[in-house]
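Have a look at the structure below, then the notes.
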Amino acid sequence: QVQLVESGGGLAQAGGSLRLSCATSGYIFKLSATNWHRQAPGKQRELVAAITGGGITNYADSVKGRFTISRDNAKNSVLLQMNSLKPEDTAVYYCHALNTMDGRWYWGPGTQVTVSS
């Protein structure tokens, strides 16, 4: 079975930090380009961070300077380090990744991030 799993979500206070991880739960999967999206209640899903297979990164204006996306090739996972959190960051965060083994994109089930003021 091929699956993506996000972890690291939870509750943080404003100004705090959380680190999210996107990893495979199956073995027929190699993460390549990976995006992090988020969706707040009543809002559309938005792209917040992306990393290409070559390691090039990009961020939404709302998180630039606060979030960092990176890849751990040894663990076949992608991280999203979130610093200086704001209440506006509260959302369900989803991993969206390319599996080079079959050339298809997969979504994780999401992880809740809640930031209190």
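The values are calculated or read from the model by the stated rules, or taken from the named source; none is laboratory data. Not measured: the values here are computed from a predicted model. Glycine gets a Cβ as well: all are built from the backbone with ideal geometry, and neighbour counts include every protein chain shown. Ligands, DNA and RNA are stripped out before the accessible areas are found, and what is left, the full protein with its side chains, is counted by its heavy atoms. Shrake-Rupley method; radii C 1.70, N 1.55, O 1.52, S 1.80 Å.
Observations on the structure shown:
- Among the criteria (1) under 16 Å from residue 77 (Cβ atoms); (2) of a type outside the set (D, E, K, R); (3) in contact (Cβ under 8 Å) with a residue 60 or more places away in the chain, the one residue 21 does not fulfil is (3).
- Out of 110, 65, 54, one residue alone is at positive phi and free of Cβ contacts under 8 Å to residues at least 40 places away in the same chain. It is 65.
- Scanning region 1-42 for residues that are charged (D, E, K, R), more than 12 Å from residue 82 (Cα to Cα) and surrounded by fewer than 20 Cβ atoms within 10 Å (Cβ to Cβ) yields a total of 1.
- Selection within region 47-67 - within 18 Å of residue 115 (Cα to Cα) and loosely packed, with under 14 Cβ neighbours inside 10 Å: 62, 64, 65
- Among (1) over 16 Å from residue 100 (Cβ atoms); (2) open to solvent by 30 Å² or more (accessible area, probe 1.4 Å) - the single one residue 82 does not satisfy: (2)
- Some residue of region 89-99 being open to solvent by 70 Å² or more (accessible area, probe 1.4 Å) and not in a strand (DSSP E or B): no
- Qualifying positions in region 60-85 - hydroxyl-bearing (Ser, Thr, Tyr) and either out of contact with any Leu (no Cβ under 9 Å at 6 or more places or on another chain) or assigned to a loop (DSSP other than H, G, I, E, B) (or both): 62, 84
- Flag if residue 75 is at pLDDT 95 or above and over 14 Å from the mean Cα position of the chain (by Cα): no
- Subset of region 68-79 that is open to solvent by 20 Å² or more (accessible area, probe 1.4 Å) and free of Cβ contacts under 8 Å to residues at least 40 places away in the same chain - its residue that is farthest from residue 3 (Cα to Cα): 68
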